[in-house]
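One structure is given here, and the rest of the page talks about it.
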Amino acid sequence: MFESGTGQFDSVDEVVDALGEQGYIADSRLATTVFLVNRLDKPLLIEGPAGVGKTELAKALAKATGRRLLRLQCYEGQDETKALYEWDYGKQLLYTQILREKIGQVVADAPTLEDAVDRIGAQESVFFSERFLASRPLLEAIRSDEPVVLLIDEVDRADEALEAVLLETLAEYQVSVPEVGTFTTKTPPYVVLTSNNTRDLSAALKRRCLHLFLDYPTAERELEIVRSKKTGLPDALAEQLVGIVRGLRQLELRKSPSISETIDWARTLAVLGVEELNATILSDTVSVVVKYDKDVRKAIGALPTLVDPNATVPEKGHGHGHGHGHGHDDQDPPAPASRQSSPRDDDDDEDDDGGRAVRAAKDTPGRFGNTYGSNPLGGDTGAKPITPPKVPAERGTRSFGAGLGRKRAL
Ligand SMILES: Nc1ncnc2c1ncn2[C@@H]1O[C@H](COP(=O)(O)OP(=O)(O)OP(=O)(O)O)[C@@H](O)[C@H]1O
Ligand SMILES: [Mg+2]
């Protein structure tokens, strides 16, 4: 039986049950990976599209094992001081002010300025001691007396330099602070890294981790998740809704609906007291699950067929006989999904939204696009193709020792 805190799961089934008690529905592949994390003390790297439960898994694991959750949220430009530690400058300053008199005494009879500086220098270790060390999540996880779960969220957003720092830390489960010494973990943390695949992670990091690709769930599991959230939507409707969301994921959307959006949609429909799902009510509420203007139009076009595969949808667009082709998409009622991805449609959309090009430039392939199984053709992002950054050969061999050696100014 699982012993809270430091213990181990006895079986994969026990993982399923323990996570289930925390409201996280795991299939056997996921549970087996978590079981191995638990047994092998290896970090777990979870990759997958947005909203499939990557972050939630780390939270559920922490609750299920009774461990404290520490979270490092990664972002572009983040440096190691936000991940490892920094010197608490404010506290150092406060102490020097309070101790002004004492410091004055130390240098009072120094004959020259140089002597005075030397004397202050001799006291440096007082101010660069553990007392003034502000731990950030990585060091905190290593120093913690209690075992913890360390969530390194959206690691693909961090720069490669930080990735190297992570590698070093995860390899040894220790952190060196030159002025203080080396901290080594008492109990290795369970480490969960998540990635939306906005860039390739280094092979070295992947090699170090157990890898789990979390895709959109099967209909069965998604229904189970929706049920577990007690949305208030009758079961039969929830089942139908899950099928419709899965249909939407087959469209070439810029951003496919995630599990959390299915849950939100179920809640929305429940609040509205819907008793049957029809294209009208789904169209009226579709913005709960698709968030881009063009996606909304595609979804609305497809909904009648998703609700009732035999539904006939009026022809429009090329077939309406005006003979002048495109150019007025916005006035047209939505076209069926199968009609909506011609290159020219894209051009029209570029025109109708000046900010789209800016957003599209930020959307790297993989984040919302063609990396994931259920959208094999890739999202019609309107984005110019962006080549993923090349991984330099020296990646992973870089040491963060140099950075650590730097003494922060008092
Ligand atoms: N297996 C699951 N069991 C229960 N709830 C789940 C499960 N998977 C996803 N969810 C629900 O989906 C929501 C979104 O999950 P989460 O925030 O973990 O997604 P994510 O994969 O981290 O997305 P992002 O990449 O955008 O951060 C959760 O709050 C939870 O309600
Ligand atoms: Mg997340």
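Spin-label point model (7 Å from Cα, Cβ direction): what's the Arg119 to Ser11 distance in nm?
7.3
Arg39 label point, 7 Å along Cα→Cβ, cut-off 20 Å on backbone N: hits in the range 202-225?
208-213
On a full-extension model of 0.36 nm per residue, what is the gain between Glu275 and Thr32, subtracting their alpha-carbon distance, rounded to one decimal in nm?
83.6 nm
Exceeding 26 Å between C-alpha atoms, which entries from my cross-link table qualify? They are Lys91/Lys186; Lys82/Lys255; Lys54/Lys82; Lys59/Lys298; Lys63/Lys230; Lys59/Lys91.
From Lys91/Lys186; Lys82/Lys255; Lys54/Lys82; Lys59/Lys298; Lys63/Lys230; Lys59/Lys91, over 26 Å: Lys91/Lys186; Lys82/Lys255; Lys59/Lys298; Lys59/Lys91.
As I understand it, the dipole of the range 150-205 uses +1 on the Cβ of Lys and Arg and -1 on the Cβ of Asp and Glu, about the Cα centre. Which of Thr169, Tyr190, Ala204 lies farthest toward its positive end?
Tyr190
Taking the Cβ of Asn278 as the centre, find all other residues whose Cβ is under 14 Å away and add up their charges (Lys, Arg: +1; Asp, Glu: -1).
Net local charge, Asn278 excluded: -4.
Between Ala203 and Asp79, what length comes free when the chain is fully extended (0.36 nm per residue of separation minus the Cα-Cα distance, one decimal in nm)?
42.5 nm
In nm, to one decimal, how far is the modelled label at Asp159 from the one at Val107, with both set 7 Å along Cα→Cβ?
Result: 3.4 nm between the two label points.
Using just the C-alpha positions of the range 85-132 as equal point scatterers, what log10 of I(q)/I(0) does the Debye formula give at each q in 0.33 1/Å?
-1.20
The numbers here are math on the coordinates, done by the rules we state, and not lab data. Keep in mind that this is a model prediction, so the values were computed, not measured. With ideal geometry, Cβ positions are generated from the backbone for all residues, glycine too; neighbour counts draw on all protein chains shown.
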